[in-house]
Amino acid sequence: MQTINLFWRSVRWRFQNPVTIIMTLVQPLIWLLLFSTIFGGNKAEGNYTSFILPGILVMSVLSSSGVSGIANYSLKTGGSYYRIKISPVKRSSIILAHILDAAVLSFIQAAILIGISLLMSVRIASGISGVFIMIVLLFLTIAFVSALSYAISLTLPDENSFIALVNTITLPLFFVSSALMPSEQIPQGFRIPVFINPFTHVIDSLRMLVLKSSIDWTQLISTVGLLFVLCIASFALAVHSLNNENQ
């Protein structure tokens with residue numbers, strides 16, 4: 001119940017301030033339209049919009065969930081953070097509410113991006129089951145990124161340094177992945193960092209669900225397992241950071 005109350009409070013604030021939704025949607029949307037237009041003639045993977053959509057969805061998650069921790073600075077300025085801090089609310093409930101709030105924002109943006117992609121002749125080859133699995137993969141990615149963002153926000157002194165760090169990390173993670181080209185076409189010297197990047201595996205699994213009617217369950221289970229471990233680690237780090245903040 002604590003989680004639900006905190007979550008509803010955050011969601012109500014977000015819809016009263018829709019600019020928070022628009023700001024993090026603009027860049028992924030522009031990139032989707034831009035790259036689809038520029039590389040639309042590349043038939044290596046069929047419809048290039050279908051090929052690039054998974055990478056843009058992950059970029060959207062990195063943009064929205066990555067900066068989700070900035071809410072802590074606003075809460076501190078308004079005093080709400082300290083009221084929650086001294087209340088008998090479980091620290092895990094605070095983190096869960098933060099993750100759910102980030103999920104609402106990210107899924108709104110994902111729905112918009114997918115809707116526009118459908119207008120550009122994109123079809124999810126794996127069908128309804130594939131869409132459900134995509135939702136699971138995206139939610140786990142959101143949970144990992146938003147919990148890590150929350151932990152980072154508790155270690156940096158102000159929102160300027162927070163935004164600078166997030167922006168410094170986000171774009172390299174996007175470019176050093178298989179977001180824009182197939183893994184086998186990536187230059188040999190970059191394949192190791194691309195493979196190490198966990199978002200590469202998320203993108204590849206999402207791409208499989210978009211482009212292929214058959215599901216490679218081995219690839220899918222390994223990606224879900226990786227995300228699950230990362231979620232546990234980032235959640236534990238966020239709770240630890242919050243406990244240290246309270247001391």
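The values are calculated or read from the model by the stated rules, or taken from the named source; none is laboratory data. Being a predicted model, the structure only gives us computed values, none of them experimental. Reconstructed Cβ throughout: ideal geometry from the backbone, glycine too, with neighbour counts over all protein chains shown. Note: accessible area is taken over every heavy atom of the protein model, side chains too, but ligands, DNA and RNA are not part of it. Shrake-Rupley method; radii C 1.70, N 1.55, O 1.52, S 1.80 Å.
If I go through region 213-247 residue by residue, how many of them are polar (S, T, N, Q) and closer than 21 Å to HIS201 by Cβ? Within region 213-247, residues that are polar (S, T, N, Q) and closer than 21 Å to HIS201 by Cβ number 7. Would you please name the residue that is farthest from the chain's Cα centre (by Cα), looking only at residues in region 108-151 that are of a type in the set (Phe, Trp, Tyr) and modelled with pLDDT of 95 or more? Looking at the filtered set, the residue picked out is PHE132.
Can you say whether SER80 is open to solvent by less than 50 Å² (accessible area, probe 1.4 Å), of a type outside the set (Lys, Arg) and modelled with pLDDT of 90 or more, as far as the supplied structure shows?
Values: open to solvent by less than 50 Å² (accessible area, probe 1.4 Å): yes; of a type outside the set (Lys, Arg): yes; modelled with pLDDT of 90 or more: no.
When the stated conditions are applied, SER80 does not pass them.
For PRO18, are the conditions met, namely being out of contact with any helix residue (DSSP H, G or I) (no Cβ under 8 Å at 6 or more places or on another chain), modelled with pLDDT under 70 and surrounded by fewer than 20 Cβ atoms within 10 Å (Cβ to Cβ)? No, not satisfied.
Just checking, does region 199-213 include any residue being acidic (Asp, Glu), part of a helix (DSSP H, G or I) and open to solvent by less than 70 Å² (accessible area, probe 1.4 Å)?
yes
Of all residues in region 166-189, those satisfying the criterion of being surrounded by 17 or more Cβ atoms within 10 Å (Cβ to Cβ) and of a type outside the set (A, V, I, L, M, F, W, C) are THR170, SER177, SER178.
For every residue, the table says whether it meets (1) in contact (Cβ under 8 Å) with a residue 40 or more places away in the chain; (2) part of a helix (DSSP H, G or I).
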site	(1), (2)
ILE135	no, yes
ALA151	yes, yes
SER178	yes, no
GLU184	no, yes
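If you go through region 109-128 and pick out every residue that is open to solvent by 50 Å² or more (accessible area, probe 1.4 Å) and either touching a helix residue (DSSP H, G or I) at 6+ places or on another chain (Cβ under 9 Å) or part of a loop (DSSP other than H, G, I, E, B) (or both), you end up with 4.
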